[in-house]
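The values are calculated or read from the model by the stated rules, or taken from the named source; none is laboratory data. Only a predicted model underlies this, so the values are computations on that prediction, with no experimental measurement involved. Note that we place each Cβ from the backbone using ideal geometry, even for glycine, and neighbour counts take in every protein chain shown.
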Amino acid sequence: MTPTTRPQRGNLIANGTRQGRIRIAVVGSGPFGALHAETLGRNPDVELVAIVNHDGVRARALADRLGVNAAYESVQELLDSEPVDGITVATANAHHVAPSIAALEAGVSVLLEKPVALTLDEAERLLAAERASTGFVFPAHLLRFAAPYQELRHRLQIGDIGAPRALSFRRHRGIDHDTRFPDTHPALMTMIHDIDLALWYDGSRPVSVTAREVRVAGRSQPTAVWAEVLTDAGSLWSFQVSWSLGGRQGDPSLADALEIIGDEGALSLRLDPRVRSHSEADETVDDVLTPAAAHGAMEQEMRDFADAVRRGLPPTVVTLEEAVAGIRLAEQIVSSAAARQDSGPR
């Protein structure tokens with residue numbers, strides 16, 4: 001099918017806003033792709049038109065479970081078959097860029113999971129594709145949509161603690177991350193959240209990076225990564241990430257945490273789970289980012305994406321340029337850590 005016969009997307013009214021429900025497809029049918037689809041399915045302004053996965057059986061299974069009519073094995077097949085206004089990409093990390101560029105070349109906007117790319121070269125190629133497209137990329141930097149992190153930024157904006165001088169981040173994840181993400185360095189998979197927050201909160205430009213990592217025999221990626229960044233404003237950013245937790249991960253002593261030291265005080269946040277199920281599962285429940293029965297950060301992120309697609313306007317909460325800046329810093333951290341590699345226990 002040639003581009004001239006490609007299915008037409010949603011009709012436009014005079015001011016460029018799309019009429020009717022926004023037609024969105026989900027690319028990826030793993031756990032996070034399913035979460036995207038379920039979240040979009042709760043939005044009355046969205047018509048979830050298709051599930052896409054290179055494994056057509058898995059795509060069809062998720063589509064059937066959620067009552068979605070169509071399933072495809074590639075984004076190109078989707079674009080050639082369905083009128084679609086936007087896609088969300090929740091594939092394996094190594095497969096983020098190709099489907100996003102295919103959509104952009106068709107003028108279709110993309111909500112793209114983090115990391116938007118695994119290398120700076122790929123990220124810049126994606127940015128070039130966006131600049132040449134009538135569509136846009138909406139980086140899925142989920143924490144920017146979470147109320148606790150938004151409150152911290154508001155406090156900084158009103159000068160609650162003066163200018164930020166030092167930012168410290170801690171984020172520990174399970175040992176299983178090494179097998180789940182064997183192709184992705186923790187700086188790009190886990191630390192990227194805090195890199196984005198540092199860029200968002202401080203607004204300064206990194207000028208020097210020092211990092212170290214600990215590797216353990218038999219694992220694909222570092223078990224721990226520590227990094228310090230000095231900015232052009234003289235502020236200091238500190239990042240601590242590990243893939244080291246075994247068993248239950250609800251221990252509040254290891255909750256995600258950050259501190260911001262300013263001229264006139266400090267701000268701090270610990271993202272402790274506030275809900276726990278004291279049942280046979282005995283588990284903590286996420287009530288902030290992706291709660292099962294409440295409006296969380298992902299729900300807001302998806303609503304903002306649908307609204308941006310409807311208006312035909314690029315996102316303002318987070319831009320692809322900002323995401324590329326985060327990839328650039330993450331790549332510098334990876335390079336610095338590799339140059340100073342430490343050996344873990346054998």
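Worth a mention:
- Yes/no for Ala187 being crowded, with 20+ Cβ neighbours inside 10 Å, in contact with a Phe, Trp or Tyr (Cβ under 6 Å, 6 or more places away or on another chain) and in a helix (DSSP H, G or I): no
- Some residue of segment 262-270 being surrounded by fewer than 13 Cβ atoms within 10 Å (Cβ to Cβ), part of a loop (DSSP other than H, G, I, E, B) and assigned by TED's automatic domain parsing to the domain that holds Ser235: yes
- Screening Thr134 with (1) more than 30 Å from Ile260 (Cα to Cα); (2) assigned to a helix (DSSP H, G or I) gives one miss only, at (2).
- All of Ala128, Ala103 fail the test of being in the same structural domain as Leu78 (by TED's automatic domain parsing), surrounded by fewer than 22 Cβ atoms within 10 Å (Cβ to Cβ) and either in a helix (DSSP H, G or I) or hydroxyl-bearing (Ser, Thr, Tyr) (or both), apart from Ala128.
- Counted residues, segment 43-74 - those being over 18 Å from Asp85 (Cβ atoms) and part of a loop (DSSP other than H, G, I, E, B): 6
- Any hit, segment 127-146, residues being free of Cβ contacts under 8 Å to residues at least 60 places away in the same chain, within 30 Å of Leu230 (Cβ to Cβ) and among the small types (Gly, Ala, Ser): yes
- For segment 44-63, the set of residues classified as crowded, with 18+ Cβ neighbours inside 10 Å and either touching a helix residue (DSSP H, G or I) at 6+ places or on another chain (Cβ under 7 Å) or among the hydroxyl-bearing types (Ser, Thr, Tyr) (or both) consists of Val46, Leu48, Ala50, Ile51, Val52, Asn53, Leu62, listed by residue number.
- Some residue of segment 194-202 being over 14 Å from Leu258 (Cβ atoms), not aromatic (Phe, Trp, Tyr) and not assigned by TED's automatic domain parsing to the domain that holds Val108: no
- Segment 271-296, residues that are touching a helix residue (DSSP H, G or I) at 6+ places or on another chain (Cβ under 6 Å) and either more than 29 Å from Asp160 (Cβ to Cβ) or in the same structural domain as Thr88 (by TED's automatic domain parsing) (or both): none
- Note on segment 304-321: among residues that are touching a Lys or Arg at 6+ places or on another chain (Cβ under 9 Å) and farther than 17 Å from Thr88 by Cβ, the one that is surrounded by the fewest Cβ atoms within 10 Å (Cβ to Cβ) is Arg311.
- Within segment 63-113, the residues that satisfy the criterion of being over 24 Å from the mean Cα position of the chain (by Cα), modelled with pLDDT of 95 or more and among the charged types (D, E, K, R) are Asp64, Arg65, Glu77, Asp80.
- Residue within segment 217-236 that is over 20 Å from His141 (Cβ atoms) and within 17 Å of the chain's Cα centre (by Cα) present: no
- Considering (1) surrounded by fewer than 14 Cβ atoms within 10 Å (Cβ to Cβ); (2) touching a residue at least 12 places away in the same chain (Cβ under 8 Å); (3) part of a loop (DSSP other than H, G, I, E, B), the lone condition that Arg276 does not fulfil carries the number (3).
- Of the candidates Arg171, Arg144, the single residue that is in contact with a His (Cβ under 7 Å, 6 or more places away or on another chain) and over 30 Å from Glu77 (Cα atoms) is Arg171.
- Scan of segment 176-194 for residues that are under 23 Å from Thr319 (Cβ atoms) and over 12 Å from the mean Cα position of the chain (by Cα), ordered by number: Thr184, Ala187
- Subset of segment 212-232 (residues that are closer than 18 Å to Ala339 by Cα and basic (Lys, Arg)): Arg212, Arg215
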